[in-house]
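Single-structure report; data block below.
The values are calculated or read from the model by the stated rules, or taken from the named source; none is laboratory data. Quantities reported herein were computed from a predicted structural model and do not represent experimental measurements. Here the Cβ is made from the backbone with ideal geometry for all residues, glycine too, and neighbour counts use every protein chain on show.
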Amino acid sequence: MTESKKSFLDWMTFTGPAETDGELSTHLSDLDGQTLADKLRRAYTWILNNAILTPTYDLAFGLEAGKHYTFPNGDSLVLPGEASFSSYILMPLLTLATRRKCLLVGGPGRGKTAIATLMGLVAGVDKAGLRRAVQHGHPQLTVSDLLGSPLPADLMRAEELEQVKVSWKKWLSLPIKIIDEYNRIPTKTQSALLSLMAEGYAEQFGQTVEVGNSAWFLTANDDGGGGTFQVIEALADRIDVTVRSLSFNPWFLDTLLERIEKRQEPADVMPDEVRFSAEELDRLQAEILTVSVPRNVRRRLELFLGALDFCQRASPLFEHKSKDALKLAGLRLAQVCNADCPLDKRRHICSQTENGASVRAFMTLLAYAKALAYFRGHKQVGIDDIRQIVPFVLHDKLSPNRQSPYFDSERRGLLTDKTAWIRNMFDMAMDQYDHLRPDDHSPLEKYLEEMDRGLVGLGKTETKRRINRIAATIREYQRGGELSAPVYMDLAVLKSLYLRYQAYMHWQENKNRKPKA
């Protein structure tokens with residue numbers, strides 16, 4: 001290994017750098033930590049330095065404290081102030097750690113199947129079995145090809161369906177599932193794949209097979225949903241994160257030449273120090289779940305996600321001011337998001353996206369943010385963790401409203417890169433949060449804390465007092481004038497609290513009322 005790579009590893013704060021001998025075999029220093037988090041970091045470092053050749057570190061932390069270089073055309077290069085990482089390696093690793101589903105997109109020969117295969121090796125699957133387990137999508141792929149088929153002898157002898165024994169494919173029992181070019185699979189077979197991914201089981205001839213707690217890796221040759229067959233919406237929605245493949249940097253040509261001359265691939269020499277057992281993967285997932293998400297981080301994420309779905313012009317009904325209302329009516333956002341809407345499109349992100357995100361996406365965001373914070377050695381999720389994860393979770397979930405006034409000539413370039421666009425929206429939402437809540441406090445907090453303590457033993461007088469206080473707070477919002485997404489979300493919660501107290505007060509009155517004779 002070159003001195004430059006060793007110094008880079010030291011800068012990454014991973015003690016005990018990897019060493020490579022003349023045959024590409026690798027040993028990781030015994031000085032490395034012994035925790036599962038250390039092992040996960042060792043896996044990332046080994047893949048970075050021995051398998052996936054890239055100088056691209058797009059998960060950047062400490063940008064404000066970094067060094068900035070701006071070119072005459074307006075482009076800028078930032079040297080981050082903290083350790084940063086390559087999404088093409090780290091996001092698949094976090095998918096393995098959280099047992100979720102990752103879509104790898106990019107042109108042919110970009111290493112999509114290679115990175116998925118490396119994840120299988122990290123998961124402890126042997127190389128030969130893993131190669132046979134990769135499911136290759138093609139137009140003739142049937143449900144039986146994907147799942148398995150009944151034994152011919154059973155079909156001949158069986159008098160009832162229960163007597164038919166299905167020979168299930170071995171890949172179904174592996175801790176990692178790889179579906180290559182999933183957008184070339186016929187629609188009927190996609191439905192079977194959906195059952196596997198969504199429900200965790202498959203059914204054939206009245207029999208079922210459980211696939212267990214697995215990590216899924218799917219590949220596609222583009223990120224526009226193209227392919228031989230259109231991917232059904234429900235299947236696409238089950239994908240948790242989308243990761244774009246990286247272009248090869250020609251400065252690594254010497255390493256490719258070395259691989260050719262020695263007739264050896266990195267996957268052939270992956271050290272045991274970076275491979276996880278099934279029991280270790282279970283513990284790794286459990287440890288990630290213990291990472292906490294502080295209240296201020298949750299509040300910021302709530303503002304961002306709520307703003308994506310909000311549309312003031314979607315309905316005259318207060319409760320229906322959501323982009324889902326437009327979708328059900330067969331309308332596009334541009335048909336109502338126009339000059340009649342009083343909100344400033346340069347400040348409010350609601351005009352930029354045709355749709356919001358699902359509850360499933362909310363949960364995915366939290367799961368991956370926990371995993372990223374865990375990987376970085378933190379016990380709490382920070383807002384920077386959320387900022388880095390958001391584009392990968394929402395990449396295929398959001399569609400831009402290209403008619404939004406926000407995308408003027410200066411910002412038109414955001415439409416060519418979804419990652420840049422989504423991250424820019426998140427930054428705008430955080431600026432709005434800082435403006436609305438400079439002390440990181442909302443009037444709702446006290447009401448939510450009171451409700452969390454429960455209603456048992458709450459007297460009629462105190463109930464009435466809380467109802468009046470909530471009504472007074474709503475009047476204060478009304479005087480503010482502008483019904484923006486953050487205001488709308490606050491008012492919706494205030495209304496729900498008002499109605500809960502009101503229902504409780506009515507229950508108290510009816511409980512104490514004597515029945516008529």
Worksheet item: Restricting the search to the stretch 168-217, which residues are among the polar types (S, T, N, Q) and in contact with a Leu (Cβ under 6 Å, 6 or more places away or on another chain)?
Response: Thr189, Gln190, Gln204
Practice prompt. Mind listing just one residue for me: the one in the stretch 100-135 that is among the basic types (Lys, Arg) and closer than 21 Å to Leu48 by Cα and, of those, nearest to the chain's Cα centre (by Cα)?
Written response: Lys112
Discussion item. For the stretch 116-131, give me each residue that is free of Cβ contacts under 8 Å to residues at least 24 places away in the same chain and in a loop (DSSP other than H, G, I, E, B).
Written reply: Asp126
Worksheet, complete the sentence: Taking the stretch 354-384 and keeping residues within 15 Å of Leu94 (Cα to Cα) and without any contact (Cβ under 8 Å) to a residue 24 or more places away in the chain leaves Met363
Worksheet item: Which strands (runs of 3 or more DSSP E) sit wholly inside the stretch 9-107 and have at least 1 residues that are β-branched (Val, Ile, Thr), at pLDDT 80 or above and surrounded by fewer than 21 Cβ atoms within 10 Å (Cβ to Cβ)?
Response: 67-70, 76-79
Worksheet item: Out of the stretch 173-196, which residues are touching a strand residue (DSSP E or B) at 6+ places or on another chain (Cβ under 6 Å) and either within 23 Å of Glu279 (Cα to Cα) or not assigned by TED's automatic domain parsing to the domain that holds Asn221 (or both)?
Response: Ile176, Lys177, Ile178, Leu196
Discussion item. It is to be established whether one or more residues within the stretch 422-432 are buried (at least 16 other Cβ atoms within 10 Å of the Cβ) and farther than 30 Å from Asp384 by Cβ.
Written reply: no
Worksheet, complete the sentence: Within the stretch 352-364, the residues that are closer than 20 Å to Pro486 by Cα and buried (at least 23 other Cβ atoms within 10 Å of the Cβ) are Gln352, Thr353
Discussion item. Whether any residue in the stretch 191-206 is assigned to a helix (DSSP H, G or I) and closer than 24 Å to Phe375 by Cβ is what I want to check.
Written reply: no
Worksheet entry | Residue selected from the stretch 437-469 under the condition polar (S, T, N, Q) and surrounded by 15 or more Cβ atoms within 10 Å (Cβ to Cβ), by the criterion modelled with the lowest pLDDT | Ser442
Worksheet item: Among the residues of the stretch 502-517, is there at least one that is in a helix (DSSP H, G or I) and touching a Lys or Arg at 6+ places or on another chain (Cβ under 6 Å)?
Response: yes
Practice prompt. Test each condition in (1) in contact with a Ser or Thr (Cβ under 7 Å, 6 or more places away or on another chain); (2) within 28 Å of Glu445 (Cα to Cα); (3) surrounded by 15 or more Cβ atoms within 10 Å (Cβ to Cβ) for Ala267 and report the one that comes out false.
Written response: (2)
Worksheet item: Counting residues that are acidic (Asp, Glu), which helices (runs of 4 or more DSSP H) fully inside the stretch 249-361 reach at least 3?
Response: 253-262, 278-289
Worksheet item: When only residues in the stretch 472-509 that are hydroxyl-bearing (Ser, Thr, Tyr) and surrounded by 14 or more Cβ atoms within 10 Å (Cβ to Cβ) count, which is farthest from Lys345 (Cα to Cα)?
Response: Tyr504
Item to complete: Report yes if some residue within the stretch 87-108 is more than 20 Å from Thr45 (Cα to Cα) and of a type in the set (Gly, Ala, Ser); otherwise report no.
Response: yes
Worksheet item: Can you name every residue in the stretch 445-474 that is within 38 Å of the chain's Cα centre (by Cα) and among the basic types (Lys, Arg)?
Response: Lys446, Arg453
Worksheet entry | Residue check for Val293: touching a helix residue (DSSP H, G or I) at 6+ places or on another chain (Cβ under 7 Å) and within 26 Å of Ser358 (Cα to Cα) | yes
Worksheet entry | Every residue from the stretch 193-223 that is of a type in the set (A, V, I, L, M, F, W, C) and under 23 Å from the mean Cα position of the chain (by Cα) | Leu193, Leu194, Leu196, Met197, Ala198, Val211, Ala215, Trp216, Phe217, Leu218, Ala220
Practice prompt. Identify the single condition in (1) of a type in the set (Ser, Thr, Tyr); (2) touching a Leu at 6+ places or on another chain (Cβ under 8 Å); (3) surrounded by fewer than 21 Cβ atoms within 10 Å (Cβ to Cβ) that Tyr368 does not satisfy, given that it satisfies every other one.
Written response: (3)
